[in-house]
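Down below is the structure, laid out as structure tokens.
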Amino acid sequence: MLVLHAAKEGRDLLVWAERLDDNGSALQTGQPISANCPAAPFIHPYACGIVALKTFLESFGFDLTKTSATAERAVAWLPALLDPQNETLSVLPSDSVLVAPEATTEPESSGNSQNTVMAPWLITVFKLRPDAWPPFFEAVLNCFFRDWDRLGVSTRGSLGSDTLFWFSLFRRAMVELTEARQMPSLGLEQDSSSEDINSSHEYRSLWHPVFDSSLIRNLEEKAAVMPRACLCIVQDQEPLQPPPFTMRGLPHRECSAFITDAVDWSVRYAWSLGTRTRETKLDPSDIHNHYDRWLVSLRSTTPNLGNSTGSAEVAAMVGTWTGRRPGLGRGSGVLTMILSEPHRRRKASIESVASSLKSPGEDNPDEQRDSFDRWELALCLTYEDDPGTRIPAHQIWGRDRSEEARLLPLLAPAADVFPPLRSAMTHEYPSRLHLTTDQVFNFLREDSLKLQNLGIRLLLPSWFNRHSRAREAGISIRILDTPSLSPDPGSYLNFDWKAALGNEEITQDELQQMAASKVPLVRFRETWVEVDQDSIKAALSMIRDGKSGKASARSLILTAMGGKSVDQVSNPWSNAFNGVEGGGWFQDILRKLLDRSALTEQDPPEGFIGTLRAYQNRGLAWLDYLTGLGIGACLADDMGLGKTIQALALIQRQKECGRKGPVLLVCPTSIVSNWKREAERFTPSMEVIVHHGGQRTRGDDFHAQVESLDMVISSYGLLQRDAHLFREVPWDGIILDEAQNIKNPNTKQSKVARSLKSSWRLALTGTPVENNLMDLWAIMEFINPGLLGSPNRFRKEFAFPASGADGLDRAEKTRNRLQRTIGPLILRRLKTDRTIIDDLPEKMEMTVYCNMTREQAALYSAVTREAMTSLRVGAGRERKGIILATLSRLKQICNHPAHYLGDNSEMVGRSGKLERLDEMVEELLSIGDKALVFTQFVKMGEILRTHLSEKFGFQVPFLHGGLSKGRRQKLIDSFQEPEGPGIFLLSLRAGGTGLNLTAANHVFHYDRWWNPAVEDQATDRAFRIGQVKNVQVHKFVCAGTLEERIDDILRGKTRLAREVVGTGENWLASLSNEELYDIFSLGADDIGE
């Protein structure tokens, strides 16, 4: 690990670096030395050479070529470990001694065989003159201080305590600039290029900070803790002597010099970057006199003006001007104001002083009773060259006319910016002001800056910090019960309210007293603090609105996450609400909710037939944990990642864990059969029924039937139609698949879904937000009622500000706040996630079972009856023709009634396949995926092209055998472009071979060609060399029809399946009438509504 160091030597900053191990320790390498101070320095074994140091500096963005930095050798006095017995010296990390004690090269008097000494080490440094400091510290900021969890550390290395010290001092210089507390001047300075200190001086322009009481106190505090490494380097010294670490005042002097140079060159650096407006710049060609030269030099990187008579005249003029501003002219008078707290006759935990003086001048006898509730601002006269001596104004007036002459002119400019002083000036001898607390607050926050900019010195109470924020009041819920184990989610726990001011707990009485003061400055436990009155009012409002009492464990958990689940919390999104505090069990729950990696993964349930991928097993653990807490969840995985099997595994696990009661699963009509088939395949031990179709049970029969079941599958249409049945069942859980169907909270099916009773709820959707945030509210309101408040409250607190209508800053904060609340309740994984993509096969094939509509079922049954009647009398070629014609008609009906009827009639709502295709295509387009859709019928392709183009708003291409070669290539090239259409329709014969369509990562077989090899060839248009994504293949099958039965045959390992493969559909002609009837007949349970 590389550690960056910086030491000040003269006016320069010398930066160097040393290599330490990962623990920040130097290896113990001994070097022979003499007992006396060495005549030559040792070579530092871990200091970086010039190439390594240059590379390190440039790695975090500091361009040495754009500065005056030079590489040099220097001697650094650093700590070392001396072994007197072996006369060896081992280097120690340079931060081993932080604050400089007395330095010595002699062994310390201790009983140890080894002692710490200061020894000279030869190192390579880059010398940074003050003009290089701004870009250097800017690079340090960008590299080491952007990650607030690891300040001063980056992947490139870390900062030594010395660099951190100079960085903090440079940041203080930036504060002075931000508050415009710098002044220009002109004075004599020794020419740094001259070796004769007695002969060569020249005038130099300078920007310097205003050294008021705040800055002086800050520098004194910093000087007291300066690491010795900050001043450890000496150059050109014969003989070798350690730096005078303990010289009285040296750290303070170096801090003052550093901040002066930092302010000066930061201003010049800003000018060099062109950050000031063009109108304020002087054109060098307009320089006509020495005054113009001075102004131009203040804005340039060449401050020296030579030693001419003209410069001396300008310096005298500038000195006269600064002399009118106290604190700038050496030896001039300085107005000093001293603020004193009110004298207290009585003690109170909190008390605001609110006296109402008619005049802030001398004491008014009529107001003596309030004198103990007033602040005093005393006026004094001091001198720049003797700031320690202060003469109170009341000792000057009428006693010393010369001092009066100094003091009076100083009061006039101060009175112009400080109205209370203007009122005091009406008295003959203004010496002190009495201020109310409200006036003091304005004085500290606003007036004091204006006065300091005039050069007036202010001596303020030590507790005041201009850069600190007002302390905010907050309210939190404190859980009083401490169960040994995590409580049942429905159990009720006792809680009360906890009030705090900042990080300090306070009583409600103290909070009320703060609010009663109505001013931001209050006395709190024997000191004065600035408080945010708005937060105090908000905190008190929450206490008044809510009462201590009981709440369910589930409600307390959701409230801790930022939701509105505890009734007593009127506004959990208020800045005054600090959340919920609980014992270790409560913190453990929150930790697992916020960090899913903390959840314990388990083996899949024993009754689950299949394999869960690693990410699916993690999803199961998450679902199991949330539902066990009674907290609703939203599984929003990308399409094709297996939301269905994760939900089935959850139900199976809960069954095996002894959970009682059925689970209701609601899904679109088009995939009711798909859920039934998947349950039969993966969880065959579960008792499952489909509540669907005209033969479904009703009334008491329904209640009796579901009591012994594990899962009931139904549709959104029946959810509202049979609402009375569903509401009467105490469901263990409710699952909504394609939960975006309830995105409109005002629809009947949304209202019914929210009204059902259950222990837990789960929403499955690939698109939790389709149009706006209200879609999200509808889903959250289903899985965790009340979490995000009412619709109007949600719009006000989240939807409106998140849209950016109130500014981008508030929008970002609102989105982050919403994410903190709902993030733990939504699990969304994308196929592109690194933790997912390596766990997926390159090609995933899945059969999608679709229900037929009633119209399809009626047409299908009619064609089947007609065919079976004809087959009884047909034979030979006639019989074969009837079979193949019937097969074609039934496949057309499975596609869409309009395909069979050929009447160009309405498309929507008549085909289960088309409804499912619309849903899946909409989801994949929303995440930027592309799809190929194959059909063996050109007519169906034309129907799909018209429908999909109208639905999705772009022209969907259709490649078929009737197109010329050139036209085909244009369609292919257009689709392959990133901006090309997201859907490509192809006829199976024309598009099944010879094409490269790797832009698609989804393949839909809308209807089936009963030859797996032909379908695989079509799939390989996307799954081929050049494909960089995982490909998902969706084979549509109408449930309960010949499509499902033939698909079962092809997937089986029977003799018939082996005979079928490669023969197309002609094999059907060899079947008996009974076998054909079994294949053609329609299953009653698979008919839609």
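The values are calculated or read from the model by the stated rules, or taken from the named source; none is laboratory data. Everything numeric here is computed off the predicted structure, so don't read it as measured data. Cβ coordinates were reconstructed from backbone atoms using ideal geometry, including for glycine residues, and neighbour counts include every protein chain displayed.
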Looking at the structure I just gave you, is residue 484 loosely packed, with under 15 Cβ neighbours inside 10 Å, in a loop (DSSP other than H, G, I, E, B) and modelled with pLDDT under 80? yes
Could you please give the count of residues in segment 56-71 that are exposed (fewer than 15 other Cβ atoms within 10 Å of the Cβ) and either in contact with a Gly (Cβ under 8 Å, 6 or more places away or on another chain) or outside any loop (DSSP other than H, G, I, E, B) (or both)? 5
For segment 595-635, what are the residues that are under 13 Å from residue 650 (Cα atoms) and basic (Lys, Arg)? 618
Conditions first: (1) crowded, with 16+ Cβ neighbours inside 10 Å; (2) modelled with pLDDT of 80 or more. Residue 465 passes all but one, so which condition is the exception? (1)
What residue, among those in segment 419-438 that are farther than 20 Å from residue 380 by Cα and of a type outside the set (D, E, K, R), is farthest from the chain's Cα centre (by Cα)? 436
So which residues in segment 767-818 are surrounded by 18 or more Cβ atoms within 10 Å (Cβ to Cβ), under 21 Å from the mean Cα position of the chain (by Cα) and small (Gly, Ala, Ser), if there are any at all? 799, 802
Segment 749-777, residues that are basic (Lys, Arg) and either free of Cβ contacts under 8 Å to residues at least 12 places away in the same chain or assigned to a helix (DSSP H, G or I) (or both): 751, 754
Hey, among 78, 13, which residue is more than 27 Å from residue 142 (Cβ to Cβ), at pLDDT 85 or above and crowded, with 22+ Cβ neighbours inside 10 Å? 78
Hits in segment 446-466 (condition: basic (Lys, Arg) and either in contact with a strand residue (DSSP E or B) (Cβ under 7 Å, 6 or more places away or on another chain) or under 25 Å from residue 409 (Cα atoms) (or both)): 450, 457
Considering residues that are more than 26 Å from residue 1082 (Cα to Cα), in a loop (DSSP other than H, G, I, E, B) and touching a strand residue (DSSP E or B) at 6+ places or on another chain (Cβ under 9 Å), the number found within segment 1028-1054 is 1
Mind checking whether some residue in segment 882-898 is under 22 Å from residue 669 (Cα atoms), in a helix (DSSP H, G or I) and β-branched (Val, Ile, Thr)? yes
In segment 599-617, anything without any contact (Cβ under 8 Å) to a residue 40 or more places away in the chain and either surrounded by 21 or more Cβ atoms within 10 Å (Cβ to Cβ) or closer than 13 Å to residue 682 by Cβ (or both) is listed as 611, 612, 616
If you check residue 940 against the conditions, is it assigned to a loop (DSSP other than H, G, I, E, B) and in contact with a His (Cβ under 6 Å, 6 or more places away or on another chain)? no
Is there a residue in segment 127-149 that is modelled with pLDDT of 85 or more, touching a His at 6+ places or on another chain (Cβ under 9 Å) and at negative phi? no
Within segment 638-655, residues modelled with pLDDT under 90 and on the phi < 0 side of the Ramachandran plot come out as 638, 639, 641
Restricting segment 591-612 to residues that are in contact with an Asp or Glu (Cβ under 9 Å, 6 or more places away or on another chain) and modelled with pLDDT under 90, which is farthest from residue 554 (Cα to Cα)? 602
Taking segment 613-645, which residues are over 23 Å from residue 557 (Cα atoms) and touching a Phe, Trp or Tyr at 6+ places or on another chain (Cβ under 9 Å)? 637, 641, 642, 644, 645
For residue 236, state whether it is modelled with pLDDT under 80, surrounded by fewer than 14 Cβ atoms within 10 Å (Cβ to Cβ) and not assigned by TED's automatic domain parsing to the domain that holds residue 75. no
Looking at segment 822-834, which of its residues are modelled with pLDDT of 85 or more and in a helix (DSSP H, G or I)? 822, 823, 824, 825
At pLDDT 80 or above, closer than 30 Å to residue 733 by Cα and either charged (D, E, K, R) or in contact with a helix residue (DSSP H, G or I) (Cβ under 7 Å, 6 or more places away or on another chain) (or both): is that true of residue 767 in this structure? no
Being polar (S, T, N, Q) and in contact with a His (Cβ under 7 Å, 6 or more places away or on another chain) is the filter here, so list the residues in segment 976-1020 that pass it. 987
Positions within segment 941-971 being hydrophobic (A, V, I, L, M, F, W, C), more than 15 Å from residue 918 (Cα to Cα) and modelled with pLDDT of 90 or more, in sequence order: 958, 959, 971
Per the list (1) out of contact with any helix residue (DSSP H, G or I) (no Cβ under 9 Å at 6 or more places or on another chain); (2) assigned to a helix (DSSP H, G or I); (3) at pLDDT below 90, residue check on residue 990 breaks on (1)
For the condition in contact with a helix residue (DSSP H, G or I) (Cβ under 6 Å, 6 or more places away or on another chain) and either touching a residue at least 12 places away in the same chain (Cβ under 8 Å) or assigned by TED's automatic domain parsing to the domain that holds residue 895 (or both), what is the one hit in 922, 915? 915
Which of the residues that make up segment 840-870 are exposed (fewer than 15 other Cβ atoms within 10 Å of the Cβ) and within 18 Å of residue 1002 (Cα to Cα)? 841, 842, 846
Segment 429-460, subset β-branched (Val, Ile, Thr) and not in a helix (DSSP H, G or I), residue surrounded by the most Cβ atoms within 10 Å (Cβ to Cβ): 456
With 587, 533 as the choices, which residue is polar (S, T, N, Q), surrounded by fewer than 16 Cβ atoms within 10 Å (Cβ to Cβ) and at pLDDT 75 or above? 587
